[in-house]
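Right, one structure below, let's go through it.
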Amino acid sequence: MRWGEIIRRLVLVPPTLFGVAVIVFVLLRVVPGDPIAMMIPPGASEADIARLRALYGLDQPILQQFSTWLGQVASGDFGKSISVHQGVLELLLERLPATIELALLATLIAVVLGVLTALAGILLRGRRAEWAVDGGIGVLLAIPDFLWALILLLVFGVLLPWLPISGRVDPQIDVHLHSNFYLLESLLTGRFAIAFALLHHMILPALALALPFAALVARILKASLTEAEDQDYAQIARARGYSRPDILLHEVLPNALIPTVALGGVQVTLLLGGTVLVERIFSYEGIGNMAIDAVINRDFPLIQGLVLTFAVLFIALNLAIDLIVTVLDPRLRHG
Amino acid sequence: MSSLSRRSILQLAGGAAALPFASALPGTGAAHAAASGTLTIAYNVNLPSFDPTIGVSAVNPTIQSIYQSVFDPYIGQAADLSFKPGLLTKWGWNEDRSKIILELRKDATWHDGSPVTPEDVVWSLTRAADLKGGNPIQFVWSKVGNYKIDGNTITGDVLEFEPTLFKWMAFLTGYILPKAYYEKVGAEGFEKAPIGSGPYKVDAFERNAFLRLKAHPGYWGGKPAFETVVFKFITDPTSRVAEMESGGSDLTFEIPYEEFDRLKAKPGLAGQTKPVSDIAMIFITDIDPMLDRNVRLAAHHAIDKKAIVDRLLKGYGVPISTLEAPGYAAFDPSIKVSYDPELAKSLLAKSGYSPEKPVKFTIQTTRGFKPKDYEMIQAIVGMWRKVGIDANIEIYEIAKHFELRARHALAPAAFYNWGNAIGDPSTSTGFAMFGPSPHCAWKGKDLVERIGPLWGEKDEAKRIAGYKAVDKYITEEGEVIPLFQYVQPIIHKKGLKVVSQSNGMILPQLITPA
């Protein structure tokens, strides 16, 4: 990808976000469920209801509500949550790091597992054991992340109670960190007891998110490796007497990684979507868990903020993946 | 700030590798009992906000257990819904009911050690009554004003008589907050570091994860048994069950009845149930075909409530005939609606309906919002079909229910649950059946005329008798279908003594080692 392409993609970001904003804003007001109806106290009169509606600006025409909100967002004010009584931006900044850390850990686990499985599969190519690898990949792919979450919760929380199954950190531990990137900060500042406690809590939700992703990485990478291994350059290397593992690691893998990164990158965005249910199941305090509460409470400002945040994350991730693919693929780098 | 050295990375890598094994060792894993002196509760909802007097969470009954751990209500409530001294030791009206008189206890302190003063009480009441303050029950608190303080006695002028005023002082938004502290830190500062006068003070809070409380040493009611209480916010019932099985929590509630029966049979765990002030009901909307009294009554008589409770809820429910459950102030055991499918058939026949030529309408229900809600409605529709009612089930989210109810746009029949933690008839029959109420589905003038005069009735005995008469009338006319009173299942570790509350609250201050 050239600089011109990057600039073109960046220029498209504001209209994309505007489109997302329009869709979420209109959808929220069209689908059933009125936040005011949910907070009407017993005995409230029509005047009380009207006052509540005015308090949250919901008495204005949709267009006016939208322009007011958009103006606020442009100035960095995402409004105030109806259910939590706090600024939406403040809430997002508080919870987003937890989700990012979980997604990063899940991605790391998925990549390591996926690459190792693909390499194992290719090394066993043509043997019966390859079927077992392919079958394992199929099973991992067939089960969605939220179901993995329940399976892991029952196995490692109940049957073999080795790992905690709720929260981000043990309630008995005083975290006292400066940022909300607990894991990163505790690692960087050498507070390993906290880092261990965090990893202890993150391992199951991260694994639930990682397993289907790992299977996808393994399947794409194994197919790419198979194709690359049959290419002339691999055959020539073999003729020169290089060992198969050497060829796989140094010649075949770098070329096979390009389609894996491109397709696997898309999966990272899906993984972020998966955090919603997985965070809920493990009572993990990220934005996914918060999104469910926001929807249940019809907390319009918070839902709007969350959707925009997810949109920004998706766009940034896609851009980052394209850049990585460009770096990996000299054909793209040099046009 | 220490830097990340090669050695520390190696330590971390080694530690990470050993993590699953280390956690399996006795005493180190989450699977083992909570630390001594700590009570861990797997709680079913998140805590959105700390201010118990404003916004949506203030009127969410399921959060009140947490609020009542940190804040004191004006008036306390016993396990059987009766009222007892809280921060107020005396309360009442003067003879002509033109004034209220409150007496504040002298030994109460805020969590920062400062005394709870009559000024705090007046400020809290005045703030609650402020139209711009955001208190959802403002319409109650605004009926008293012009407070005067004399020692520890507070008097206020009754601006409009509200018979349930003191009952509200034990429930939603009825909390005393610290005037001086709140004014010093402001609303946002209070959210970040709230203080109350309750048995526990806030020690740590991780939104959507947990709330850690420490015992308030100066609590007027005596120091609670547990030094530390942790509310883990685990909203998914399956996860709460797993949390109990893993040993990560000491107590949980609001779990499926099948799981309750399974867990209570496990070694180390005990279960207890208690009927709570929450009922299942079917709203009848006064639109065609529910304008036909025969159809309404037939729909009620055709439902075998006991069978529903026994078969779907494993016996955990109490069939009821009116919106007043046993224990409520206006409960009248003489009002009964029999399960009589033959009577239902004959009533429908009078209106020209039969199983071959059924009356048709839609019934709305949630699915999974309450235990077995959809299955229950399926069973009811099956019972109706046998007598000549062909009901179509429409599933909706609870948010849609609220919206439709507020717009008087519910289907002819709509399943819902109604809580009434203070047990007063105005907060059950009153708000659910009085036409002008936004929560009412039956808007008929008949009930407006009957309930209207009871709102301001100063003679308590006459008011309660009036509601009993209204309940009898509603039953005879079939204007609502009460189904059963919910039973709350509580699972806890053996070795704990838990006092179940009829209002459904789980109060850590009432939990002690057995």
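The values are calculated or read from the model by the stated rules, or taken from the named source; none is laboratory data. Just so you know, these numbers come straight off a predicted model, no measurement behind them. Methodologically, a virtual Cβ is constructed for each residue, glycine included, from the backbone with ideal geometry; neighbour enumeration extends over all protein chains shown.
Restricting A:323, A:313, A:302 to those that are assigned to a helix (DSSP H, G or I), more than 14 Å from every other protein chain (Cβ to nearest Cβ) and either under 30 Å from residue B:49 (Cβ atoms) or modelled with pLDDT of 85 or more (or both) reduces the list to A:313.
Taking residue B:76 as the residue in question, decide whether it is over 30 Å from residue B:255 (Cα atoms) and buried (at least 16 other Cβ atoms within 10 Å of the Cβ). The answer is no for residue B:76.
Quick check on my filter: what residues within the stretch A:22-73 are of a type in the set (Val, Ile, Thr) and touching a Gly at 6+ places or on another chain (Cβ under 9 Å)? Hits for the stretch A:22-73 are A:68, A:73.
Of the residues making up the stretch A:28-49, just one is of a type in the set (A, V, I, L, M, F, W, C), within 16 Å of residue B:56 (Cα to Cα) and more than 7 Å from chain B (Cβ to nearest Cβ), namely A:36.
Taken over the stretch A:111-142, the criterion of being hydrophobic (A, V, I, L, M, F, W, C), over 22 Å from residue A:257 (Cβ atoms) and either surrounded by 15 or more Cβ atoms within 10 Å (Cβ to Cβ) or more than 22 Å from the chain's Cα centre (by Cα) (or both) is satisfied by A:129, A:131, A:132.
Selection of the stretch B:118-134 for residues being of a type in the set (Lys, Arg) and at pLDDT 95 or above yields only B:127. Somewhere in the stretch B:414-425, is a residue buried (at least 22 other Cβ atoms within 10 Å of the Cβ), in contact with an Asp or Glu (Cβ under 9 Å, 6 or more places away or on another chain) and among the polar types (S, T, N, Q)? Yes, that holds for at least one residue. In the condition set (1) among the aromatic types (Phe, Trp, Tyr); (2) buried (at least 23 other Cβ atoms within 10 Å of the Cβ); (3) within 26 Å of the chain's Cα centre (by Cα), residue B:396 is compliant with all but (2).
Yes or no: the stretch B:41-53 includes at least one residue that is modelled with pLDDT of 95 or more, more than 9 Å from chain A (Cβ to nearest Cβ), buried (at least 22 other Cβ atoms within 10 Å of the Cβ) and part of a loop (DSSP other than H, G, I, E, B). Checked the stretch B:41-53: no residue is modelled with pLDDT of 95 or more, more than 9 Å from chain A (Cβ to nearest Cβ), buried (at least 22 other Cβ atoms within 10 Å of the Cβ) and part of a loop (DSSP other than H, G, I, E, B). For the stretch A:64-85, give me each residue that is assigned to a loop (DSSP other than H, G, I, E, B) and either at the interface with another protein chain (Cβ under 7 Å from one of its Cβ atoms) or farther than 23 Å from residue A:295 by Cβ (or both). Selection gives A:75, A:76, A:82, A:83, A:84, A:85.
Among all residues of the stretch B:203-215, there is none that is more than 14 Å from every other protein chain (Cβ to nearest Cβ), in a loop (DSSP other than H, G, I, E, B) and touching a Ser or Thr at 6+ places or on another chain (Cβ under 8 Å).
Picking from residues in the stretch B:249-264 that are in a loop (DSSP other than H, G, I, E, B) and either within 15 Å of residue B:496 (Cβ to Cβ) or at pLDDT 95 or above (or both), the one that is farthest from the other protein chains (Cβ to nearest Cβ) is B:250.
Going through (1) within 30 Å of residue A:293 (Cβ to Cβ); (2) crowded, with 17+ Cβ neighbours inside 10 Å one by one, residue B:320 falls short only on (1). Screening the stretch A:148-182 for residues that are farther than 17 Å from residue B:233 by Cβ and among the hydroxyl-bearing types (Ser, Thr, Tyr) and picking the one that is farthest from the chain's Cα centre (by Cα) gives A:179. Taken over the stretch A:67-86, the criterion of being under 18 Å from residue A:19 (Cβ atoms) and aliphatic (A, V, I, L, M) is satisfied by A:70, A:73, A:74. Kindly establish whether residue B:28 is modelled with pLDDT under 90 and among the β-branched types (Val, Ile, Thr). Criteria met by residue B:28.
When the criteria are applied in full, residue B:131 fails the requirement of being in a loop (DSSP other than H, G, I, E, B), within 14 Å of chain A (Cβ to nearest Cβ) and either closer than 27 Å to residue B:220 by Cα or within 24 Å of the chain's Cα centre (by Cα) (or both).
Taken over the stretch B:356-381, the residue count meeting the criterion of being more than 25 Å from residue B:310 (Cβ to Cβ) and touching a Gly at 6+ places or on another chain (Cβ under 9 Å) is 4. Scanning the stretch B:236-248 for residues that are more than 21 Å from residue B:65 (Cα to Cα) and not in a loop (DSSP other than H, G, I, E, B) yields B:238, B:242, B:245, B:246. Note on the stretch B:216-239: residues that are closer than 21 Å to residue B:46 by Cα and either surrounded by fewer than 24 Cβ atoms within 10 Å (Cβ to Cβ) or at the interface with chain A (Cβ under 7 Å from one of its Cβ atoms) (or both) total 10. Applying the condition of being surrounded by 17 or more Cβ atoms within 10 Å (Cβ to Cβ) and within 25 Å of the chain's Cα centre (by Cα) to the stretch B:371-393 and asking which residue is modelled with the lowest pLDDT yields B:371. Counting only strands (runs of 3 or more DSSP E) that sit wholly inside the stretch B:349-420, those with at least 2 residues that are in contact (Cβ under 8 Å) with a residue 40 or more places away in the chain and more than 30 Å from residue A:299 (Cβ to Cβ) are B:359-365. With respect to (1) at positive phi; (2) at pLDDT below 85; (3) not basic (Lys, Arg), the lone exception for residue A:283 is condition (2). Scanning the stretch A:50-63 for residues that are at the interface with chain B (Cβ under 9 Å from one of its Cβ atoms), within 21 Å of residue B:49 (Cα to Cα) and surrounded by fewer than 18 Cβ atoms within 10 Å (Cβ to Cβ) yields a count of 1. Taking residues in the stretch A:153-167 that are more than 7 Å from chain B (Cβ to nearest Cβ), and partners anywhere that are of a type outside the set (Val, Ile, Thr), the pairs with Cβ atoms closer than 8 Å and at least 6 places apart or on different chains are A:156/A:162; A:156/A:163; A:156/A:204; A:160/B:24.
Residue-wise test of (1) surrounded by fewer than 16 Cβ atoms within 10 Å (Cβ to Cβ); (2) over 16 Å from residue B:207 (Cβ atoms).
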| site | (1), (2) |
| --- | --- |
| A:151 | yes, yes |
| A:163 | no, yes |
| A:166 | no, no |
| A:184 | no, yes |
| A:191 | no, yes |
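Within the stretch B:292-312, if we keep just the residues that are surrounded by fewer than 19 Cβ atoms within 10 Å (Cβ to Cβ) and not in a helix (DSSP H, G or I), the residue that is farthest from the chain's Cα centre (by Cα) turns out to be B:292.
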